[in-house]
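Report on the structure given below.
Every read-out reported here was derived from the displayed coordinates using simple, explicitly stated rules and does not represent laboratory data. Keep in mind the model is a prediction, meaning the values are calculated, not measured. Here the Cβ positions follow ideal geometry from the backbone for every residue, glycine too, while neighbour counts run over all protein chains shown.
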Amino acid sequence: MAVLPMKKALICGLKRNRKRTLEYLQRQDVLEVSTEIADDRIFRKMDVLSSKAVFERNSADAEQAIGVLQSYVPEKKGLLASFKGREPLPLKTYEELAGRHNEIMKKAGRLLQLARSVGEKRGTIPRLEQQLQELEPWKTFDLPLNFKGTRKTAAFIGSLPRQISLEDLSRELTEACGCPAELSIVSSSKEQTCFFAVCGKNDREEVEKGLRVLGFVKAPQTSGIPADRQRRLEEELQSLRAEIEADENEIRSMASDREELKFVADYYAMRAEKYGVLNSLAQSRNVFLITGYVPEDRAAKLERDLEEKCGVFVEFSDPSEDEDVPVVLHNNKFVEPVEGIVESYSLPGKGELDPSAVMAGFYYLLFGLMLSDAAYGLIMVFGCLYCFKKCPHMEEGLKKTLKMFMYSGISTTFWGFMFGSFFGDAVNVIATTFFHRPDISLPPLWFEPVDLPMKMLVFSFCFGIVHLFTGLGVKLYCSVKSGHLADGIYDVVFWYMLVGGAIVYMLTMSMFTNMLGLGFTLPPAVGTVAAAAAAIGFVGIVLTSGRESKNWGKRLLKGLYGAYGITSYLSDILSYSRLLALGLATSVISTVFNKMGSMLGDSIPGAILFILVFVIGHALNLAINAMGAYVHTNRLQFVEFFGKFYEGGGRKFNPFGEHTKYFKVEED
């Protein structure tokens with residue numbers, strides 16, 4: 001339950017050591033670099049944004065080249081590919097590959113060039129094929145299609161958008177223009193009729209007008225005999241396809257360069273990030289300064305390594321009260337997985353308690369209560385363990401998330417056995433349907449919520465009250481720790497008395513206990529004490545909720561409004577009924593799938609149906625209800641629990657590091 005204390009770092013060195021220092025800091029991933037300049041009369045910032053842009057463009061080109069390879073030679077990936085994380089890369093290997101980055105970029109450039117060439121050639125093919133198609137009706141014609149006639153004649157080469165005989169064409173043209181013309185049909189189909197028309201030079205305009213009336217369309221205006229043009233186009237197409245095949249084969253032959261291309265994409269991404277930091281560094285003619293924040297537990301090692309390996313001076317100091325210090329959470333292995341949940345809400349503000357430790361146990365228990373099936377829990381546990389075994393280099397954030405689901409799976413298994421749910425009632429259904437043994441079942445270790453929903457509802461409310469009161473207890477602890485004991489009494493103890501007293505008083509009322517199905521009623525003496533405690537709490541809240549106001553009238557009104565907050569506690573407690581709702585949903589849906597699968601009995605088709613329905617149905621049920629448990633557990637933490645003591649507002653620690661995609665450089 002801790003927020004790591006931070007140290008403010010000052011690193012000073014000669015410019016000749018700047019490159020080595022920045023590269024070392026980037027590999028260590030422990031320093032958040034500050035952009036402030038100590039003295040702008042001595043130190044200036046370098047403008048290296050143009051170089052940074054070049055590195056970003058190179059990284060993008062390398063990524064694009066990888067994409068080209070992926071489209072031609074897809075990389076084989078297993079089911080767990082997204083869990084594997086970045087491959088570790090020894091520093092020596094990194095330095096060797098870094099020395100060849102220009103050579104590797106040439107390969108990336110060649111891949112992009114080949115991809116562009118293939119794209120351009122593929123774009124040319126439809127155009128040539130269209131030209132071939134246009135020439136097909138004219139393949140027997142022995143004149144160029146752009147032939148206009150001789151010195152004394154005018155020629156028209158084209159088509160009508162319908163099928164027509166030579167006689168009809170001659171008649172219609174004569175009627176349309178009234179001039180003689182010599183016609184010959186080159187080809188004819190249902191869609192069009194291609195023909196050649198010749199007339200005297202003097203009749204050209206009249207014949208042209210007549211042809212337009214008939215719907216004349218000129219032939220493609222190409223030089224040369226159509227058959228010769230077709231042959232050249234086919235040769236060009238054949239040549240293009242051969243060139244495309246050669247380019248694609250060359251692309252495929254470069255599949256062995258994929259890992260180097262991944263490296264160079266990461267290499268330039270790292271250089272771009274380094275130059276982003278370099279752009280903000282304070283520098284003079286011979287000296288550079290780096291300031292920033294380092295977790296206290298990493299400061300000593302960082303100081304020693306920087307002085308020994310990089311030859312720079314390092315000094316650490318405590319940040320001042322007004323500084324915006326970043327936040328790093330640090331907890332044990334059990335609590336660590338829920339840090340991401342806290343971060344998704346908000347990191348602790350300055351001087352605020354990290355709620356991860358007090359939240360972790362509740363989180364796992366709430367998740368398990370909502371899913372509450374032992375088989376589903378075991379699937380989650382062993383699924384996570386399998387991922388850990390197969391993916392040793394998994395990213396830290398993903399590893400924490402899987403651990404969170406693994407612990408939630410353990411809780412789900414526990415509650416599943418407590419409530420007698422293992423794939424719902426699958427044990428009894430299988431025993432009854434296929435072995436004719438209705439006496440075999442998995443009895444609950446405690447009770448079955450489907451049979452006793454009121455008991456489950458009461459338990460949900462009791463769990464919710466403990467959860468809410470724990471949140472208030474954390475608020476009391478923080479008040480005492482910060483030296484504000486009175487605030488703790490006013491804002492926590494009085495609410496304990498009011499809410500707790502009201503609950504205990506209601507347990508002395510037989511009508512209330514009977515409604516909830518409780519088998520007991522507290523004696524009247526207890527109710528008297530509880531009512532007195534609630535009354536004291538109510539008066540205390542009314543008198544202290546508006547204590548910041550000096551006017552007694554305003555203070556009293558604010559106090560009454562504060563006491564109205566009892567309704568929000570009632571709403572919060574009712575919110576825990578979702579534990580019953582989601583737990584029953586999981587169990588009932590499981591039971592429905594089991595009944596559906598057993599409809600055909602113990603026959604061979606019945607066994608096949610049962611297996612199909614069982615696998616598909618329970619897979620869907622696990623996926624949907626696990627997602628529901630995750631969402632609603634977060635809601636109970638964020639709204640009901642955090643609302644009692646936690647504000648947040650901290651800024652996440654963002655160190656200068658290797659924010660790469662494929663590899664992670666490791667120190668030798």
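For the chain, state the average projected area of the convex hull of the C-alpha atoms over all orientations, rounded to one decimal in nm².
Over all viewing directions, the chain projects a mean Cα-hull area of 55.1 nm².
Given C-alpha coordinates of segment 305-372, what is the ratio Rg to Rh with the Kirkwood estimate of Rh?
Result: Rg/Rh = 1.19.
Run the dipole for the chain about the Cα centre, Lys and Arg Cβ at +1, Asp and Glu Cβ at -1, nothing else charged, and hand back the magnitude in debye, nearest 20. Could you put the intermediate results ahead of the total?
Details: 76 positive and 79 negative charges, 143 e Å.
The calculated dipole for the chain is roughly 680 debye.
Let me know the shape class of segment 401-506, please: from the alpha-carbon gyration tensor, a ≥ b ≥ c as square roots of the eigenvalues, rounded when a/c is under 1.5, otherwise prolate if a/b is greater than b/c, or oblate.
Because a/c hits 1.5 or more and a/b fails to exceed b/c, segment 401-506 counts as oblate.
Indicate the gyration tensor shape class of segment 112-179 (rounded, prolate or oblate), computed on the Cα atoms with a ≥ b ≥ c the square roots of the eigenvalues: a/c under 1.5 is rounded; otherwise a/b larger than b/c is prolate and the rest oblate.
Verdict is prolate for segment 112-179.
S223 to D168: FRET efficiency via 1/(1 + (r/R0)^6), r the Cβ-Cβ distance, R0 35 Å, to the nearest 0.05?
Efficiency, rounded to the nearest 0.05: 0.65.
Quick one: of K399/K661; K7/K661; K84/K333, which pairs are farther than 23 Å apart, Cα to Cα? Could the numbers behind the result be given before it?
Numbers: K399/K661 17 Å; K7/K661 29 Å; K84/K333 21 Å.
K7/K661, as the Cα separations exceed 23 Å there.
In 10 Å bins starting at zero, report the fraction of Cα pairs in segment 186-278 per bin as a rounded %.
Spelled out per bin, shortest first, that is 11, 19, 17, 13, 11, 12, 11, 6, 0.
Please state, to two decimals, what the Cα-based radius of gyration of segment 306-451 comes to when divided by 2.2 N^0.38 Å (N = residues).
On the way: Rg = 22.7 Å, N = 146, 2.2 N^0.38 = 14.6 Å.
Ratio of Cα Rg to 2.2 N^0.38 Å: 1.55.
For the residues K661, K107, what sequence is obtained by ranking on other C-beta atoms within 10 Å, fewest first?
K661, K107
For segment 65-118 and segment 653-668, what is the separation of their Cα centres, given in Å?
If you average the Cα positions of each part, the centres end up 18 Å apart.
Suppose the Debye formula is applied to equal point scatterers at every Cα of segment 146-219; what is log10 I(q)/I(0) at q = 0.21, 0.24 Å⁻¹?
Normalising to I(0) and taking log10 leaves -0.84, -1.10.
Mind checking which lysines have their C-alpha under 25 Å from K148, skipping anything on the same chain fewer than 8 residues away?
Leaving aside lysines fewer than 8 places away in the same chain, those within reach of K148 are K139, K201, K209, K218.
If you take the Cα atoms of segment 452-575, find Rg, then find the Kirkwood Rh from the mean of 1/r over all pairs, what is Rg/Rh?
Details: Rg = 16.1 Å, Rh = 15.7 Å.
Rg/Rh for segment 452-575 comes to 1.03.
What angle do you read, to the nearest 10 degrees and between 0 and 90, between the alpha-carbon axis of helix 453-481 and the longest principal axis of the chain?
It is inclined by approximately 80 degrees.
In what order do E63, E250 fall by count of nearby beta-carbon atoms within 10 Å, going from fewest to most? Don't skip to the end; give the middle numbers.
Details: E63 19, E250 15.
Fewest to most other Cβ atoms nearby, the residues stand as E250, E63.
How do V264, V381 rank when sorted from fewest to most other Cβ atoms within 10 Å of their own Cβ?
Starting with the residue having the fewest Cβ neighbours, the order is V381, V264.
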